[in-house]
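In what follows, a single structure is set out as structure tokens and then discussed.
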Amino acid sequence: MDFYHIQYLNCVQVQTLHFLKEQGVNIEFLYSQSFESSDQIYHDAIINKESKYDFSNNIRMCDLELLNVNRNRETFNTFLDARDYIHSMLWKRKTLFIQVDEFYLPYSNQFEKFHTNHSNILLDYSIENEQYSYQIKDNVGLHFGEYSYSDQVLMMAFDNTTCLKHVTDYTIHLQDAVEDLKLEFRKKTRDYFKSFNDNGLLYKKFLELLNNGTDQEIANELEQYGNAFGLISGSRSAFNSFLYIVYKDDNIDFESLAECFKTAYVLMVSLYRAIYTKQIQREQFHHHCMKIMDSELRFLNNSKNSLLM
């Protein structure tokens, strides 16, 4: 996983895949269908104004079963209901994943400001003077840190999420049959691209906005388009990681694909920066968008025969 992927994955996926990668799981197989349609990204990020965390990406966590990774999940109403189970699993040295409300996490930028659902990794617990404390792991981007929570903090964070209150762990049996996996996931990729449809709507609409919109109209859309091009960058980068595992010896235009996701990242950063500088760099934005379109089309044209084999 690299910093491009962070723009594409939600927090649960980031933390889960980080953990599984540490355990030796070939998580790159899960990216077999991550080359998202820009039309879908336009619909979700621009029309519906969804954040990247709400985007329903093509990472199929159910495919973990093919990698001999089994997800175990229990659902509870409150932290008090879950606490004995959490303690028993941590006592067995299991790593647990829970949902929390960042409003209650002292180290979070959202602390006592905004209520947002987030994921945490539970590593261990201890008791002193009849008070429980918990060791957790969390990330800001690619940077993971460990923190300690009191029982009360974790209870408030757990109980106030607006999503289902799951406690999740994974059982991993590493396998050696990598070549068989490659065949299985090549089939998934082939089937995906047989029905893949992308008219470049995101790029066309962004160029139309740059050509015809006022500075204020562009400014109003900077955050949404920043999110959208972050998704483009992350999804193409994730797909690139998959291709290197499965298609490295095929006729794949890796150079054009890398140019695509790297330029999309540059454009994302430029758009976010413009929110604060109030400077609308039309020519620069236009140049980057055209470069993304050209490199993406070149990649697809040069690689489609291999992807459909």
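The table below lists the values:
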quantity	calculated
Residue list for segment 277-306, restricted to those being of a type outside the set (S, T, N, Q), modelled with pLDDT under 95 and part of a helix (DSSP H, G or I)	Lys304
Neighbours by Cβ (under 7 Å, 6+ apart or cross-chain): first from segment 285-309, farther than 12 Å from Tyr203 by Cα; second among the acidic types (Asp, Glu) and surrounded by fewer than 20 Cβ atoms within 10 Å (Cβ to Cβ)	Ser295/Glu259; Arg298/Asp253; Phe299/Asp253; Asn302/Asp253; Ser303/Asp253; Ser306/Asp250
Residue satisfying condition, being in contact with a His (Cβ under 9 Å, 6 or more places away or on another chain), free of Cβ contacts under 8 Å to residues at least 12 places away in the same chain and over 30 Å from Arg298 (Cβ atoms), within set Gln152, Gln110, Gln99	Gln110
Failed criterion for Ala258 (all others in (1) under 22 Å from Leu17 (Cβ atoms); (2) surrounded by fewer than 21 Cβ atoms within 10 Å (Cβ to Cβ); (3) in contact with a Lys or Arg (Cβ under 9 Å, 6 or more places away or on another chain); (4) touching a residue at least 60 places away in the same chain (Cβ under 8 Å) hold)	(4)
Filtered residues of segment 18-62 (kept if assigned to a loop (DSSP other than H, G, I, E, B), over 16 Å from the mean Cα position of the chain (by Cα) and under 22 Å from Tyr272 (Cα atoms))	Asn48, Lys49
Residue under evaluation Leu209, criteria (1) surrounded by 12 or more Cβ atoms within 10 Å (Cβ to Cβ); (2) assigned to a loop (DSSP other than H, G, I, E, B), criterion not met	(2)
Residues that are small (Gly, Ala, Ser) and part of a strand (DSSP E or B), drawn from segment 127-182	Ser133, Gly145, Ser148, Ser150
Phe3 being among the aromatic types (Phe, Trp, Tyr) and at pLDDT below 95	yes
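So that you can scan it fast, the table gives a plain yes or no per residue for (1) touching a helix residue (DSSP H, G or I) at 6+ places or on another chain (Cβ under 6 Å); (2) crowded, with 19+ Cβ neighbours inside 10 Å; (3) of a type in the set (Phe, Trp, Tyr):
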residue	(1), (2), (3)
Phe29	yes, yes, yes
Ser34	yes, yes, no
Ser38	yes, yes, no
His43	no, no, no
Ile47	no, no, no
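Quick grid of which residues meet (1) closer than 16 Å to His18 by Cβ; (2) assigned to a helix (DSSP H, G or I); (3) at pLDDT 95 or above:
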residue: Thr75; (1), (2), (3): no, no, yes
residue: Gln110; (1), (2), (3): no, no, no
residue: Leu122; (1), (2), (3): yes, no, yes
residue: Tyr125; (1), (2), (3): no, no, yes
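The values are calculated or read from the model by the stated rules, or taken from the named source; none is laboratory data. If you're wondering where the values come from, they're calculated on a predicted model, not measured in any experiment. For neighbour counting, all protein chains shown are included, and Cβ atoms are generated from backbone atoms with ideal geometry for every residue, glycine included.
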